[in-house]
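Below: one structure, written as structure tokens.
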Amino acid sequence: MKTIYSERLSLQEVSQKDAESLFHIWSNPEITKFMNIPAMTNVNQAMEMIQLLESLSREKKGNRFTISLTETNTVIGSCGFNYLDYENDRGEIGYELDKEYWGQGYMTEALKTLIQVGFSQFDLNRIEAKVEPQNVASQYVLKKIGCKEEGLLRKYEKAKGTYIDLMMFSILKEDL
């Protein structure tokens, strides 16, 4: 897939060239606090994660993009579809942003772009996001881009050895 541009950002499919930049982000415990992975301790872990993401893309089961500032080409995060369910025309999004760029509207901009891609190029009907109840900032972003809160999934996922509750959010193609 080609590069996708928004006002200030470019989204490109992740590749091994992004390993150092993504390791910097994925190794920060404040960023991975609400992710289902522990903070990484070496760049090889980022390389392995990128290999997994690349294989999901090849198999059309998921798709991950780096988020870069268009002006400087600096990687500031990633976003994408953790899974794609073409039988039901739905996908689940996931995302994270380098702490240095929090609170500046970058994730809102990136996710609006990602959702447009999901509905127009992947022909999805529904896009979901699951968020821990304590992750208020993420809930705020999801509501800002038009997602609706659907409810609490109790002890839905095992993350870092503990069963956690997740809140389900979604946006439908018809909501746009």
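Looking at Ser78, Ser55, Ser120, which one is under 21 Å from Gln16 (Cβ atoms) and over 16 Å from the mean Cα position of the chain (by Cα)? Talk me through it step by step, then tell me what you get.
Working: Ser78 fails: over 16 Å from the mean Cα position of the chain (by Cα); Ser120 fails: under 21 Å from Gln16 (Cβ atoms).
Going through Ser78, Ser55, Ser120 in turn, the sole match is Ser55.
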- Task: Look at Glu71 and say whether it is among the acidic types (Asp, Glu), more than 20 Å from Ile37 (Cβ to Cβ) and part of a helix (DSSP H, G or I).
- Result: no
- Query: Residue check: is Leu11 buried (at least 17 other Cβ atoms within 10 Å of the Cβ) and in a helix (DSSP H, G or I)?
  - Reply: no
- Note on the structure: Note on Leu84: of the conditions (1) in contact with a strand residue (DSSP E or B) (Cβ under 8 Å, 6 or more places away or on another chain); (2) open to solvent by 80 Å² or more (accessible area, probe 1.4 Å), unmet is (2)
- Item | Residue that is open to solvent by less than 30 Å² (accessible area, probe 1.4 Å) and either among the aromatic types (Phe, Trp, Tyr) or touching a residue at least 40 places away in the same chain (Cβ under 8 Å) (or both), where the choices are Ile37, Ile31, Ile93 | Ile31
- Message: Restricting to the stretch 117-142, name every residue that is in a helix (DSSP H, G or I) and either touching a residue at least 24 places away in the same chain (Cβ under 8 Å) or open to solvent by less than 20 Å² (accessible area, probe 1.4 Å) (or both).
- Response: Val117, Gly118, Phe119, Ala137, Ser138, Gln139, Val141, Leu142
- Note on the structure: Residues of the stretch 63-80 being under 17 Å from Phe122 (Cβ atoms) and either surrounded by fewer than 20 Cβ atoms within 10 Å (Cβ to Cβ) or touching a Gly at 6+ places or on another chain (Cβ under 6 Å) (or both), in sequence order, are Asn63, Arg64, Phe65
- Name the residues in the stretch 147-171 that are touching a Leu at 6+ places or on another chain (Cβ under 7 Å), without any contact (Cβ under 8 Å) to a residue 40 or more places away in the chain and either farther than 16 Å from Tyr95 by Cβ or part of a loop (DSSP other than H, G, I, E, B) (or both), would you? Leu153, Tyr156, Asp165
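The values are calculated or read from the model by the stated rules, or taken from the named source; none is laboratory data. In this text, all values refer to a predicted model and were calculated from it rather than measured experimentally. No Cβ is skipped: glycine too gets one built from the backbone with ideal geometry, and neighbour counts run over all protein chains shown. Please note that ligands, DNA and RNA were not included when accessible areas were found on the heavy atoms of the full protein model with its side chains. Shrake-Rupley method; radii C 1.70, N 1.55, O 1.52, S 1.80 Å.
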